Amino acid sequence: MAVGTQEQAPLPTGDGEPRRPDLLWDVALAVALTVFAQLDLRLDLDNSTPFGPSWAVAVCTLVATGALAFRRRAPLATALTVAAAVAGPELFTVLTITLWGDFVPMLVAAYSVARHADRQRAAAGVLAIATAVVVLLLRVPSIGAKQNIPFAFVPLVLVTLAGRVLRRRQLSHAALSLQATRLAEDQEAWVRDAVAAERARIARELHDVVAHCVSVMVIQAGAAEDLLDRDPGAARQPLRAVQDTGQEAVAELGRMLGLLRAEAAPDTLLPQPGVAQLPELVAQVRAAGLPVDLDVQGEPHDLPPGVDVALYRLTQEALTNALKHARGARATVVLRCTDTAVELRVHDDGRGTPAGTGLGHGLIGMRERVALYGGTLSAGPRDHGGFAVDAVIPLGAHA
């Protein structure tokens with residue numbers, strides 16, 4: 001199975017377009033063999049027995065050696081051309097056979113088609129070369145008798161095996177390189193997703209902290225402005241609330257930035273707010289002018305840390321929205337803890353949240369927080385007026 005898959009894999013410089021340096025080397029090889037073959041014909045370097053007209057031998061040799069210039073670009077065509085140039089004329093007459101002009105080109109062509117072609121093309125090319133060898137052994141008296149045929153195939157088998165082994169190694173290397181590239185791309189995509197998720201988390205935390213504190217500060221500053229002319233002394237209380245809220249915002253931001261700093265020591269970090277801090281949150285909202293009733297049912301002491309923070313942020317966001325959009329209303333916060341789930345309800349009896357008031361990001365952040373722990377959240381206007389935020393987060397084995 002792996003072999004079949006590798007045979008179909010694209011080669012970097014094999015079955016596709018060869019690199020320019022490889023083409024230059026192939027041309028140089030073809031030129032060198034052509035020169036040696038022509039010198040062999042003129043000088044009889046290998047003491048071959050002359051047969052046939054010299055011009056015909058020279059032309060066939062030139063075709064056989066020249067075709068090797070295309071051994072990478074068209075390995076099957078090269079093998080067929082070499083086989084035809086070497087053995088084709090022998091079917092009709094007997095021509096001189098030389099080492100450099102006939103046998104070496106056939107071995108190079110067999111290696112090339114085994115090295116640079118797929119299995120089917122390699123088999124066809126090697127079969128053509130083998131057929132040419134058989135024709136030469138049978139037709140040219142100076143080469144040898146029929147009993148020499150098995151020995152004549154030894155070099156052909158060796159170069160063919162060498163070509164296939166090298167091709168297999170190249171295919172394996174190409175497959176590993178492709179796999180490494182894909183793994184790197186997947187890793188980069190994972191990092192991008194992680195960065196995006198972390199940015200969204202930071203943005204959500206900033207929204208929860210800043211939106212709440214700024215809303216309280218704006219309302220208290222407005223109240224102080226109204227009191228400055230009528231009762232300057234009474235204006236101190238809302239101004240003090242602005243100061244306290246600003247200090248709380250700075251502390252919250254410092255806590256969050258400390259958590260984001262990887263190098264921060266654990267004992268230098270302030271704890272994240274949770275359900276235990278809900279009374280302080282409710283008191284702050286009350287001081288800003290929104291009456292709030294808090295009802296905690298059950299024992300919320302052993303909540304998972306993430307769920308603990310999420311419940312606080314959900315309450316903070318819901319009360320902030322009520323403070324901004326439900327002037328003169330009253331809010332209730334009900335937290336109910338059981339063995340299987342924790343339920344949070346934040347309702348107000350105002351006139352509801354009008355369209356286009358910019359709650360989209362806050363509601364999206366609340367939904368993401370609840371979904372992170374496998375919970376559900378519903379938020380929207382109540383039937384009899386006001387706005388309701390209801391969240392359910394499973395606990396333990398039910399999560």
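What follows is calculated from the coordinates using simple rules that are stated; it is not laboratory data. Small disclaimer: the values here were computed from a predicted structure and weren't measured. Ideal geometry is used to build each Cβ from the backbone, glycine not excepted, and the neighbour counts take in all protein chains shown.
Any idea what % of Cα-Cα pairs in the stretch 274-399 are farther than 27 Å?
Details: 1029 of 7875 pairs.
Here the long-distance tail beyond 27 Å is 13 percent of all Cα pairs in the stretch 274-399.
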His301, His347 arranged by Cβ crowding within 10 Å, fewest neighbours leading | His301, His347
Going toward the positive end of the dipole of the stretch 274-399, with +1 on Lys and Arg Cβ and -1 on Asp and Glu Cβ, which of His325, Val285, Thr315 do you reach last?
-> His325
What ranking of Tyr312, Tyr373 emerges when the number of other C-beta atoms within 10 Å of each C-beta is taken as an exposure proxy, fewest first?
-> Tyr373, Tyr312
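Arrange the following residues from fewest to most other Cβ atoms within 10 Å of their Cβ: Thr315, Thr81. Mind dumping the intermediate values first?
Numbers: Thr315 28, Thr81 21.
Final ranking by Cβ density, sparse to dense: Thr81, Thr315.
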